[in-house]
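Just so it is clear, none of the values below were taken in a lab; they were calculated from the coordinates. Just so we're clear, the structure is a prediction, and the values are computed from it rather than from any experiment. Here the Cβ is made from the backbone with ideal geometry for all residues, glycine too, and neighbour counts use every protein chain on show.
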């Protein structure tokens, strides 16, 4: 059986360009391999093909039976590695904490121990708004990484 460690070692030999990073490697019992790579400006199909051909060549030389897919992580996939968090500073995210509580906001800062998001001002409903009434103030939350179950990017289509 092919292991994740074996694939990571092959990818290390490939010497991905310095701004590339491996997000995840998934392998099932039938040796169906999925490799997720990314970089600051996004990954092209051509770049995924190059990585796929390199890994495939290495595995074929060992006469192994497998299927291989290399892609960038989809927008529906949770963030997994620190490079993804850093890449998404300034973007809207949704965090699900281990307690089940959800928080949405703009990712302001990240380090390996915590992240900070800004919950945007929500304002009042039209019925309760008075002419000079201000919106709720913005609130920043610092959340420890070990309290986070998952983090996803929020995509906004047009205006609210």
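Residue exposure proxy: 3, 116, 139, 151, ordered by other Cβ atoms within 10 angstrom of their Cβ from fewest to most, comes out as 3, 139, 116, 151.
What is the angle, in °, between the Cα long axis of helix 4-14 and the longest principal axis of the Cα atoms in the chain? Nearest 10 is fine, range 0 to 90. With both axes taken from Cα atoms, the answer is about 80 degrees. Among 112, 24, a tally of other beta-carbon atoms within 10 Å of each Cβ gives an order, fewest to most, of 112, 24. Ellipticity at 222 nm from helices only: DSSP H runs of n ≥ 4 in the chain, each -39500 (n - 2.57), divided by the residue count, give -6000 deg cm²/dmol.
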